[in-house]
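Throughout, read-outs are computed from the coordinates displayed, never taken from laboratory work. Just so it is clear, the structure is predicted and the values come from calculations on it, not from any experiment. Positions of Cβ are generated from backbone atoms using ideal geometry, with glycine treated the same way; all protein chains shown enter the neighbour counts.
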Amino acid sequence: MRRLENKVAIVTGAASGMGEATVKLFAAEGAKVVAADINVPALEKVVAEVKAAGGEIIAKQVDIGNEEMIKDMINAAVETYGRLDILHNNAARLDFQNDLNVKDLDVLEWDETIRYNLKSVMLGTKYALPVMLANGGGSIINTASMGGQVGEMTKSAYAAAKAGVISLTRSTAVQFGKQGIRCNAIAPGMVLSRDKIDNAPQFLTDLIEVYKDTKLVDYIGDPMDIANLALFLGSDESRFITGQVINADGGILAQNPTVPGLKKANINW
């Protein structure tokens, strides 16, 4: 039996990257999927590929900064498939040009980053919960970030929003666990498709090398690494896991921050 047989799932940010990989894996594992994204042409391509592979899926255009569109997304799952078992709040927004250090941070960028990365997760959760509770339970999976657990040189608003996602994840788990709701967060490190790595501009190539030096594994994360974890959290195999933040970061946060420097200096201390 496929691991998500008879389950209905919503995945936001479904048109590319981790969301695309998750949608395809969920469908392959038997879920009926609502694939949500603001990029309609890319979303329709993903949906067509899933259908061609025999999956059951619908596309839903959603701007996660818009409350009514989030409501419509939840309603689409119920109207099409009659229930909702899994919500993967995955879509996010990150602007390297305006989300800077706190002194130089654009205030509008702060507001927009919080709206798209934290408020959207709250709204998705808020409107999914009544449907899931009516089913007798469900699994909510939020995409956080390692940046929500450490200080960053820039991306101040993004880091704050992702820290908020972690707190919201725990509160949801505490408040609704006895009613059959599980809520967990996945905190990725650097995750890039092979195509993006192969065609990376110089600044990204340099950044990849920094991350490689810092990771405990010898590769950059692939979207399927996140999809496989989301599959586990969405399935009944993880029924005893809730309120957790699972770092999928290649081990960056597992180590003493001095370890990369000690390795470079060949100091075994």
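Couple of notes before you dig in:
- Of the set (1) within 21 Å of Ala14 (Cα to Cα); (2) free of Cβ contacts under 8 Å to residues at least 24 places away in the same chain; (3) surrounded by 14 or more Cβ atoms within 10 Å (Cβ to Cβ), all apply to Asp195 but (3).
- Residues of the stretch 121-130 that are over 11 Å from Lys71 (Cα atoms) and crowded, with 21+ Cβ neighbours inside 10 Å: Val121, Leu129.
- Screening Ala163, Ala173, Ala187 for residues that are within 27 Å of Val107 (Cβ to Cβ) and assigned to a helix (DSSP H, G or I) leaves exactly one candidate, Ala163.
- Check on Ile74, surrounded by 15 or more Cβ atoms within 10 Å (Cβ to Cβ), more than 19 Å from Ala227 (Cβ to Cβ) and in contact (Cβ under 8 Å) with a residue 40 or more places away in the chain: yes
- Number of residues in the stretch 227-243 that are in a loop (DSSP other than H, G, I, E, B) and closer than 15 Å to Ala185 by Cβ equals 3.
- Tally, over the stretch 88-113, of residues that are buried (at least 17 other Cβ atoms within 10 Å of the Cβ) and either in contact with a strand residue (DSSP E or B) (Cβ under 8 Å, 6 or more places away or on another chain) or not polar (S, T, N, Q) (or both): 12
- Residue within the stretch 33-44 that is closer than 19 Å to Asn89 by Cβ, surrounded by 15 or more Cβ atoms within 10 Å (Cβ to Cβ), touching a residue at least 60 places away in the same chain (Cβ under 8 Å) and out of contact with any Gly (no Cβ under 6 Å at 6 or more places or on another chain) present: no
- Residue within the stretch 209-217 that is in contact (Cβ under 8 Å) with a residue 24 or more places away in the chain, under 17 Å from Ala9 (Cα atoms) and of a type outside the set (D, E, K, R) present: no
- Subset of the stretch 223-243 [touching a residue at least 60 places away in the same chain (Cβ under 8 Å) and touching a helix residue (DSSP H, G or I) at 6+ places or on another chain (Cβ under 8 Å)]: Pro223, Met224, Ile226, Ala227, Asn228, Ala230, Leu231, Gly234, Ser238, Thr242, Gly243
- Residues being of a type outside the set (D, E, K, R) and within 16 Å of the chain's Cα centre (by Cα) - total across the stretch 176-192: 10
- Residue within the stretch 100-108 that is in contact with a helix residue (DSSP H, G or I) (Cβ under 7 Å, 6 or more places away or on another chain) and assigned to a helix (DSSP H, G or I) present: no
- Residue check for Leu133: part of a helix (DSSP H, G or I) and surrounded by fewer than 17 Cβ atoms within 10 Å (Cβ to Cβ): yes
- The stretch 198-227 - residue that is surrounded by 15 or more Cβ atoms within 10 Å (Cβ to Cβ) and of a type outside the set (A, V, I, L, M, F, W, C) and, of those, farthest from the chain's Cα centre (by Cα): Thr214
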